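Written below as structure tokens is the structure these notes are about.
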Amino acid sequence: MRWRALLADGQSLGTRLSRWLALQGLIAALAVSGTVYAVTLWVLQSRQHEELALKSAVVRHALAETSGSSATEDLQHKLKDFLAGHEDMKLSITVSDGAVLFDAPQRATGGDAASTGRFMQVSWEDTWPVGAGSGVRVVLGLDVSRDEDLLRRLGWILLAASLLGAGIVSVTGFLLVRRGLLPVQALAAQVDAVALGRPGLRLDGAGQPLELRPLVDRFNALLMRVERAYAQLEGINADVAHELRTPLTTLIGSSELALQRERPAAELQDVIAENLEDLRRLAIIVNDMLFLSQADRGASARRSPVTSLAAELGEIIEYHEASLHDRGLSAVCDGDATGAFDLSLLRRALSNLLSNATRYATPGSTIKVRIASEGGRIRIWVENEGSPIEQEHLPRLFDRFYRVERSRRQVGASNHGLGLAIVAAIARMHQGEPFARSADGITAIGLDVPSSSATV
């Protein structure tokens, strides 16, 4: 784990890559060098064994060809001729009684196929002269010191070459990594230039490598979302200030006016009642903003089974019966469904939809609350007859404090532009989405939410 920390912790990407390249180069060089060394060792040992086998056959042949009274002299003469010009060879032949029959250049000891000093030896038992029954022991040795020196020098050369190669790979790798990271540095400079005070500025991915272009695209998409959220936040702040400023100004003005002189208790009660209405409106705005803030932070609906949505809608219609009667309206419910919902949230959303339709419906018309279920999803919407909404306004109906046109803004003093935003938030809390359409004098606004058990 220590080497891993050395290669990673507290280091730049370029340094990490350079070290990994150096380590990889060293491992590759050592692997190649080790292979060359092993192959060379195998070749030399194979040659040594072949040479020993060949010389052993010559000695056996010399033993077999010498016999008679002059066998010793003949054998020694042949063996001296055999060893002439072979300074790397040594041969020793001893009789079973310990007498030395032949020893040149010096006596060799050791076992079969064993190395004594810097000699590789082979030994065997034989009968000589042929047919005499005398046992002899033959020890044939091959000097391998030159091969060992060659291997030793080769090993040092390969090690030095490996270290040098690793050094070259490290230096060139560092330069290549720095050059390869130049697009990342250029991209970082572009990111530094991006600020909220410069809207519309995007990263340029035209000159970037293919590997970085998806990152550029995703960062630009993030910038777009951030700008949109920032603009929305600024708009919300301005709208909140505007919505709160009007009732606060009214409260301050009426309170100052009431305190300028002594007033009867009845008149003061009227002032307090009017101020109370404005305070209630402020409380509603604050509560709605708190709810939307919780929804934005990822609050989810607590679902429970609902056996009949139509029954719940009937209760909401009854609650709004007075406001409907004041405008000469009626409301009917069409369809039914069952599913799992957060009933309190759903009632709030449906109440907001019905209140919105009540404000803008043509007097004397009928508001229709429709329920439809298909493919595990439930759609609930409210239809009303009235002035149509232009298509460009429909996607923004669910924005906070958004109102379409002046004629619609002036309808209802209690309307502060958060009702449909709350509907959209409740839809998202149910993993659904809101929708709105307006055509041929009919406006339909509602929400589409999933349900695992939806039946009509």
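Taken together, the values in this text are just the output of simple stated rules run on the coordinates, not laboratory data. Fair warning: this is a prediction, and the values are worked out from it, not measured in the lab. No Cβ is skipped: glycine too gets one built from the backbone with ideal geometry, and neighbour counts run over all protein chains shown.
Of the GluC sites (Glu not before Pro) found in region 255-292, those that fall in a DSSP loop while having at most 15 other beta-carbon atoms within 10 Å are E262. Of D81, D126, the sequence from fewest to most neighbouring Cβ atoms within 10 angstrom is D81, D126.
In degrees between 0 and 90, to the nearest 10, how far off the longest principal axis of the chain does helix 13-65 point, with axes built from Cα atoms? Between the helix axis and the principal axis of the chain, the angle is about 20 degrees. Across region 213-296, the volume of the C-alpha convex hull divided among the residues equals 73 Å³ per residue.
Please state the shape class of region 49-89: rounded when a/c is under 1.5, otherwise prolate if a/b exceeds b/c and oblate if not, all from the C-alpha gyration tensor. If you can, show how the numbers build up before the last one.
Values: a/c = 4.47, a/b = 1.66, b/c = 2.70.
It comes out oblate by the Cα gyration axes.
Taking the Cα centre of the chain as the origin and placing charges on Cβ (Lys, Arg +1; Asp, Glu -1), which of A361, G375, V95 is farthest toward the positive end of the dipole? Of A361, G375, V95, it is A361.
Among the trypsin sites (Lys or Arg not before Pro) in region 252-286, those located in a DSSP loop and surrounded by at most 14 other Cβ atoms within 10 Å of their own Cβ are R261.
When the helices in the chain are scored as -39500 (n - 2.57) per DSSP H run of 4 or longer and the sum is shared across all residues, what 222 nm value do you end up with, to the nearest 500 deg cm²/dmol? Don't skip to the answer; put the middle values down first.
Details: 12 runs with 250 residues, N = 456.
Taken over the chain, the calculation gives -19000 deg cm²/dmol.
Extension gain, L30 to M224: 0.36 nm times the residue separation minus the Cα-Cα distance gives 64.7 nm.
Shape index of region 215-373: Rg/Rh, with Rg the Cα radius of gyration and Rh the Kirkwood radius from the inverse mean 1/r over Cα pairs, equals 1.10. Amide H contacts under 5 Å for V144: F119, M120, restricted to partners 5 or more places along the chain or on a different chain, H placed in the peptide plane at 1.01 Å from N. Against the chain, whose longest principal axis is taken from its Cα atoms, helix 309-319 shows a tilt of about 40°. Take the Cα radius of gyration of the chain and divide it by 2.2 N^0.38 Å, with N its residue count; two decimals is plenty. For the chain, the normalised Cα radius of gyration is 2.23. Between 0 and 90 degrees, the angle of helix 265-296 with respect to the longest Cα principal axis of the chain falls at about 20 degrees. With only the Cα atoms considered, region 304-450 has a convex hull volume of 104 Å³ per residue.
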